[in-house]
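First the structure, in the form of structure tokens, and then the observations on it.
The values are calculated or read from the model by the stated rules, or taken from the named source; none is laboratory data. Note that the coordinates shown come from a computational prediction; the quantities given were computed from them, not determined experimentally. When we count neighbours, we look across all protein chains shown, and the Cβ atoms used for this are built from the backbone with ideal geometry, even at glycine. With ligands, DNA and RNA removed, areas are computed over all heavy atoms of the protein, side chains included. Shrake-Rupley method; radii C 1.70, N 1.55, O 1.52, S 1.80 Å.
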Amino acid sequence: MLFLWAIVLQVNPDLFKNAPSFGPLAQMVQQSTWAMLCLVVGGGRLVMLAINGAWRRSPHLRALAAFISCFFWFQISLGFLQAGTFGTGLAIYPVLFALDVYNAFRAAGDAGSSDRIHSRSPRNGTDT
């Protein structure tokens, strides 16, 4: 969703200027910067999910990606709240934040399990 959010920002270059709900976000950084950052983080997360399970360290990467995504959803939610327009974004973005918090905890738990299993493996140290 973060990747697609970036695309929406790219195809609507005046979105922050024309929608009062985005005013606080525009005060932080320019819309093009939001778009680029979300594209990189969202795209990186998609790549990490694609390799999920193919590499022992993937739960660590999933946890990191979810944690970083939390920052974006939190900032977007906070921006919409600060705008005072109380639009439909306040029904969506806080939920995305909460779901990514949950994802980060679940992925961190998976990473801990992966580490415990790997530490007991006779091949310890050769599977990177």
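At a glance:
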item	result
Matching entry among PHE72, PHE16 (being within 19 Å of LEU96 (Cα to Cα) and modelled with pLDDT of 95 or more)	PHE72
Tally, over the range 1-10, of residues that are more than 13 Å from the chain's Cα centre (by Cα) and open to solvent by 90 Å² or more (accessible area, probe 1.4 Å)	1
Sole exception among (1) surrounded by fewer than 18 Cβ atoms within 10 Å (Cβ to Cβ); (2) touching a helix residue (DSSP H, G or I) at 6+ places or on another chain (Cβ under 7 Å) for ALA63, by number	(1)
The lone exception for ALA91 - which of (1) at pLDDT 95 or above; (2) loosely packed, with under 14 Cβ neighbours inside 10 Å; (3) touching a Lys or Arg at 6+ places or on another chain (Cβ under 9 Å) it fails	(3)
Residue list for the range 74-102, restricted to those being more than 13 Å from the chain's Cα centre (by Cα) and either outside any helix (DSSP H, G or I) or in contact (Cβ under 8 Å) with a residue 40 or more places away in the chain (or both)	LEU78, GLY79, PHE80, GLN82, ALA83, GLY84, THR85, PHE86, GLY87, THR88, GLY89
Hits in the range 11-40 (condition: over 16 Å from SER77 (Cβ atoms), small (Gly, Ala, Ser) and open to solvent by 20 Å² or more (accessible area, probe 1.4 Å))	SER32
